[in-house]
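Following: one structure in structure tokens, then a few remarks.
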């Protein structure tokens, strides 16, 4: 893939667009192999047939791509289903969630009669950091707690090393640790999936963000415990993944594994480069930007309500952003921006400049 030319911040921009900085998808868009496989599905009418309810080939393709045991993989309809299945499998009396964090945990906890406890990361300078001692204190409070860690964190982009997670999980072997690595693929940092895991750790992955294909729902759980894997699989609805997603991802991860790895490598490089470009522009406006390893950044605009900013940017400038006040622990002074091509970053920052000058 050839590098794409940057467009200078000072040039004229076109606001007659709808540019989406609110969703955290791969800014390169889907790989061409995925698009071709979807076309194959149309020609062969894959959607008219039921998929294998056990998803044997799909599980084997996922396992082969990541060098995992296929008996320790459970395919799911995206990360949301995977997380719900993992939580339900543990039957916890309390759910401890490292926050700020994304997720409809309140709804599931209400349905299961589970106490929900948020452990807020500390805002220190330009980063968010987890107080390990505070987390362990909360874990001790529950007799049968389950712990959720989104890594890299959404919305802050903060990253917790696998060794730290394994250390905590090893200390509390009677607790289930659910580690959501939805954004790991695009970050280029070290993943838990590369380590020998304690049996009380479940990794959640999704392909939605990596391949910029939210309509093709697929995620999976991975645990070194085959007993835990069988329990999660037993809770999975029959045919929870559609025929098209099953066909596309089975072939993509097996027949085109080398191309996919190159695509992910390119994605990591561009995300890093374009994130730095966006950060530089935002900081030139005096906006506080928090350190991130992910394909999105969290910003703080003191004295400006994110809901007003969101509405003005959308209505006047055709730019969509994610208001971050709905994340536990954040106020109306925070917003989240996804990483996009610099030409789109120029549009966002020029619009922000005009809005902030008039506020």
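Readers should treat all values here as calculations from the given coordinates under stated rules, not as data from a laboratory. Computed from a predicted structure; not experimentally measured. Cβ: placed from backbone, ideal geometry, glycine included. Neighbour counts: every protein chain shown.
Relative contact order for the stretch 281-320: what is it in percent, counting Cα pairs under 8 Å that are at least 6 residues apart? Each step should come with its number before you reach the end.
Details: 22 pairs, mean separation 9.0, N = 40.
Reported as a whole number, the value is 22 percent.
If you average 1/r across every pair of different Cα atoms in the stretch 134-288 and take the reciprocal, what Kirkwood value do you get, in Å? When all Cα pairs of the stretch 134-288 are included, the Kirkwood radius is 17.7 Å.
Run through the DSSP bridge list for the stretch 32-256 and note the antiparallel percent, rounded to the nearest 5. Walk me through the numbers before you get to the answer.
Details: 11 of 30 bridges.
In the stretch 32-256, DSSP labels about 35 percent of beta bridges as antiparallel.
Counting 0.36 nm for each residue step from residue 170 to residue 66 and taking away their Cα separation leaves a gain of 35.1 nm.
Let me make sure I get this right: for the stretch 19-75, a, b and c are the square roots of the gyration tensor eigenvalues over alpha carbons, sorted descending. Under 1.5 in a/c it's rounded, otherwise prolate if a/b > b/c, else oblate. Which is it?
Details: a/c = 2.20, a/b = 1.24, b/c = 1.78.
Taking the square roots of the gyration eigenvalues as a ≥ b ≥ c, the stretch 19-75 is oblate.
Between residue 54 and residue 259, the simple label model (points 7 Å from Cα in the Cβ direction) yields a spacing of 3.0 nm.
Per-residue ellipticity at 222 nm, computed for the chain from helices alone with -39500 (n - 2.57) per DSSP H run of at least four residues, works out to -13000 deg cm²/dmol. Using a simple spin-label model with pseudo-atoms 7 Å out from Cα toward Cβ, residue 126 and residue 266 lie 3.0 nm apart.
Take 234, 191, 292 and order them by how many other Cβ atoms sit within 10 Å, fewest up front. Don't skip to the end; give the middle numbers.
On the way: 234 10, 191 17, 292 27.
So the residues, fewest neighbours to most, are 234, 191, 292.
Approximating the spin labels as points 7 Å out from Cα along Cα→Cβ, the residue 332-to-residue 196 distance works out to 5.4 nm. Counting 0.36 nm for each residue step from residue 325 to residue 234 and taking away their Cα separation leaves a gain of 29.1 nm.
Considering only the stretch 70-130, what is the antiparallel percent among its DSSP beta bridges, to the nearest 5? Provide the component values of the computation, followed by the final result.
Details: 3 of 9 bridges.
So the antiparallel bridges amount to about 35 percent of the total.
With a Förster radius of 30 Å applied to the C-beta separation of residue 343 and residue 36, the computed FRET efficiency comes to 0.65.
The DSSP beta bridges internal to the stretch 63-191 are antiparallel in roughly 15% of cases.
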